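The structure under discussion appears below in the form of structure tokens.
No value in this document is a laboratory result; all are computed from the given coordinates. Note that this is a predicted model, so its numbers are computed, not measured. Virtual Cβ from ideal backbone geometry, glycine too; neighbours counted across all protein chains shown.
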Amino acid sequence: MEKTNSGGAGRYTLITGGTQGIGYELARVFAMNGHNLILVARDEDELASTKDALQIFNVDIVTISKDLFEVDNAFELYEEIKDRDLEVDILVNNAGQGQYGKFADTDIWRELSIIQLNISSLIVLTKEFLYDMLANGHGKILNLSSIASKTPGPWQSVYHGTKAFVQSFTEALRNEVKDQGIVVTALLPGATDTDFFSKADMLDSKAVREGNLADASKVAEDGYKALMRGDDMVVSGFKNKMQVVISNILPDSVVAESVNKQQRPADDK
């Protein structure tokens, strides 16, 4: 990959959920291209090991342990970064989780926490850092959407719903700020080889057992390139692109039944 400069000394790329999966690979590709990093995650040990692994790229790396499942912590994260006098010129809202199972059987409190993480914390961080970007006349925001945003999602109804929100919000925000020096891009991966499925209790689903999971590093590279080009969105992977095209053509009821068959437990024939 051709190396690009971050755009200025003292500027940082903030990545939530930056120690695992797609978040880690995004941190790696940004660091590889000369961007200073602020990495946010819950686990301090994982933050430390990620920082050590990325030191080879000779960029400044700041780590902050913060649980974005908690209602006030996105506000606290912003204030801590401001108190440290760090300028965030790129915001990557990567942190997100799901929960597997039929909605009637799943845990409502966990689902409310997922909504807090996938939507509310993303909204807070975007609004707070957008104020600064608008004042500075430049900035970039990359939101982790999903091809799940384009389809109804039986067995992951709340997760698909949160990603539909993220996708719609990202497209609307992009339109609002397109003439003010701000780039807003959505990254839409499909099923990717990360710990997402383990955390979602989804390891028994057909999508995981029988699916061809994407490489997280390829997804991150696609997202980085799209953001740097100023694209509105990028669907990572040819198969996922075709799935989105088909889902845009077929009735939602047909798409929902197809997703149901893909995501149901592997032993459910």
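Restricting region 196-250 to residues that are part of a strand (DSSP E or B) and among the aliphatic types (A, V, I, L, M) leaves a set whose member that is nearest to THR185 (Cα to Cα) is MET233.
So, of the residues in region 120-161 that are of a type in the set (Phe, Trp, Tyr) and over 20 Å from VAL234 (Cα atoms), which turns out to be surrounded by the fewest Cβ atoms within 10 Å (Cβ to Cβ)? Going through the qualifying residues, I end up with TYR131.
Okay, residues lined up against (1) of a type in the set (Val, Ile, Thr); (2) farther than 21 Å from GLY139 by Cβ; (3) crowded, with 24+ Cβ neighbours inside 10 Å; (4) in contact with a His (Cβ under 7 Å, 6 or more places away or on another chain):
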site: ASN33; (1), (2), (3), (4): no, no, no, no
site: ASP45; (1), (2), (3), (4): no, yes, no, no
site: ALA53; (1), (2), (3), (4): no, yes, no, no
site: ILE64; (1), (2), (3), (4): yes, no, no, no
site: ASP72; (1), (2), (3), (4): no, yes, no, no
site: ASP85; (1), (2), (3), (4): no, no, no, no
site: ASP89; (1), (2), (3), (4): no, no, no, yes
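The condition (being of a type in the set (Val, Ile, Thr), assigned to a loop (DSSP other than H, G, I, E, B) and within 15 Å of LEU122 (Cα to Cα)) is satisfied by just one residue among VAL71, VAL40, VAL59: VAL71. Every condition in (1) part of a loop (DSSP other than H, G, I, E, B); (2) touching a Gly at 6+ places or on another chain (Cβ under 9 Å); (3) of a type outside the set (Val, Ile, Thr) holds for GLY101 except the one numbered (2). Screening SER120 against (1) part of a loop (DSSP other than H, G, I, E, B); (2) under 22 Å from ILE38 (Cα atoms); (3) not hydrophobic (A, V, I, L, M, F, W, C) leaves a single unmet condition, (1). Determine whether GLY190 is on the phi < 0 side of the Ramachandran plot, assigned to a loop (DSSP other than H, G, I, E, B), out of contact with any Phe, Trp or Tyr (no Cβ under 6 Å at 6 or more places or on another chain) and of a type outside the set (A, V, I, L, M, F, W, C). Answer is yes for this residue. Taking region 166-199, which residues are surrounded by 20 or more Cβ atoms within 10 Å (Cβ to Cβ) and out of contact with any helix residue (DSSP H, G or I) (no Cβ under 7 Å at 6 or more places or on another chain)? Selection gives THR170, ARG174. Taking the criterion of being of a type outside the set (Val, Ile, Thr), touching a residue at least 12 places away in the same chain (Cβ under 8 Å) and outside any loop (DSSP other than H, G, I, E, B), the residues of region 169-187 that qualify are PHE169, GLU171, LEU173, ARG174, ALA186, LEU187.
Would you be able to say whether some residue in region 255-266 is surrounded by fewer than 21 Cβ atoms within 10 Å (Cβ to Cβ), in a helix (DSSP H, G or I) and basic (Lys, Arg)? Yes, region 255-266 contains at least one residue that is surrounded by fewer than 21 Cβ atoms within 10 Å (Cβ to Cβ), in a helix (DSSP H, G or I) and basic (Lys, Arg).
Checking the stated criteria, GLY96 turns out to be touching a residue at least 60 places away in the same chain (Cβ under 8 Å) and of a type in the set (Gly, Ala, Ser). Output yes when any residue across region 233-240 is small (Gly, Ala, Ser) and farther than 26 Å from SER113 by Cβ, and no when none is. Yes, some residue in region 233-240 is small (Gly, Ala, Ser) and farther than 26 Å from SER113 by Cβ.
Filtering region 223-232 to residues that are surrounded by fewer than 19 Cβ atoms within 10 Å (Cβ to Cβ) and in contact with a strand residue (DSSP E or B) (Cβ under 7 Å, 6 or more places away or on another chain) leaves GLY230, ASP231, ASP232.
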